[in-house]
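Here the structure is laid out as structure tokens; the discussion comes afterwards.
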Amino acid sequence: MNVLIYTDNDLDGAGSALVLKWYFETIANVVVEETGESTLLSKLKSKNGALDTFDKVFICDLALTEEHIPGVDRENFVIFDHHVDHSKLKDNYKNARAVVKPYTSCTKLIYDTFLSKLSLTQKQVELINFIDQYDSYKIKDVEALKLNAIFYLYNNPKVNKFIESFNHGMRDFNILEKNSITLFFKKLKEQMNNAEVFEGKIKDYKVVATFANYAINEVAHSLIAKHKADIGIVVNKDTKTVSFRRSKTSEVDVSILARKFCNGGGSVGAAGGALTEQFGNLTKLFTRV
């Protein structure tokens with residue numbers, strides 16, 4: 001049996017592929033390729049007829065749109081995703097199996113889907129838990145942050161390196177990984193110390209915003225905690241993108257904001273889109289802290 005996995009190039013994407021590898025460990029030859037929403041269709045096209053040589057092709061942790069679906073709606077395809085906007089398109093799939101619904105992470109969604117057929121060690125389940133904590137940003141254990149720091153500083157292909165490094169589940173970090181963790185948080189601290197912070201309101205929600213091009217998730221949540229805000233916004237001028245995050249106590253759906261102001265989308269707690277004129281007009285209402 002031959003299995004091909006396309007997965008997002010982040011910690012949750014790596015976790016998703018790793019759980020699938022554990023599931024198919026003794027029954028299939030598994031190939032993993034990392035991608036993003038913008039490159040998926042071109043990667044599929046480059047495979048051409050070779051896609052039919054795989055018994056299963058999995059698409060994991062990608063917030064696909066209506067434009068993507070015709071290219072992935074094939075009988076041997078299985079789509080796993082947890083993004084809200086994508087879940088609204090589930091009924092558009094006619095041939096592929098679509099396990100697409102709001103969830104704390106795609107890794108946890110896959111794990112729960114195959115739970116009755118998986119026989120994992122305590123360390124493997126622990127790793128899944130840390131990845132789920134990080135992707136939902138409901139952090140209870142600092143190991144979740146450290147895992148992402150390690151992944152963030154991998155050279156490409158990051159996903160396959162993570163799978164190789166943590167194939168047996170959670171473990172003690174080696175000296176190189178500890179150095180990566182130290183470097184990650186040192187650079188994060190430097191960026192936070194130099195950040196210009198702006199504050200405003202969207203409806204009744206307090207918003208804080210800044211510019212950053214490093215550790216976007218951590219920057220946003222650090223701002224939220226420091227300023228007791230409902231929403232954190234980070235603008236990356238290098239990539240001309242905008243990221244939205246919400247606090248643990250807020251019920252606001254930031255995917256709505258990403259869609260309305262940045263032609264984007266995402267999940268209720270983490271979303272993003274393009275740096276648009278409409279978003280620029282919104283930020284004119286913000287004041288520097």
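The values are calculated or read from the model by the stated rules, or taken from the named source; none is laboratory data. Model, not experiment: these values are computed from the prediction. Don't worry about glycine lacking a Cβ; one is built from the backbone with ideal geometry, like all the others, and counts go over all protein chains shown. In case anyone asks, the SASA skips ligands and DNA or RNA and just uses the protein heavy atoms, side chains included. Shrake-Rupley method; radii C 1.70, N 1.55, O 1.52, S 1.80 Å.
Numbers for the structure displayed
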| quantity | calculated |
| --- | --- |
| Residues that are among the hydroxyl-bearing types (S, T, Y) and in a loop (DSSP other than H, G, I, E, B), drawn from the stretch 149-196 | Y154 |
| Matching residues, the stretch 263-284, being of a type in the set (A, V, I, L, M, F, W, C) and more than 15 Å from G232 (Cα to Cα) | A274, L275 |
| Unique residue being more than 16 Å from S136 (Cβ to Cβ) and more than 16 Å from the chain's Cα centre (by Cα) when the list is V219, V235 | V235 |
| Selected residue (only one of N194, N156 is without any contact (Cβ under 8 Å) to a residue 40 or more places away in the chain and either open to solvent by 60 Å² or more (accessible area, probe 1.4 Å) or not polar (S, T, N, Q) (or both)) | N194 |
| Helices (runs of 4 or more DSSP H) (entirely within the stretch 6-73) containing at least 3 residues that are small (G, A, S) | 11-23 |
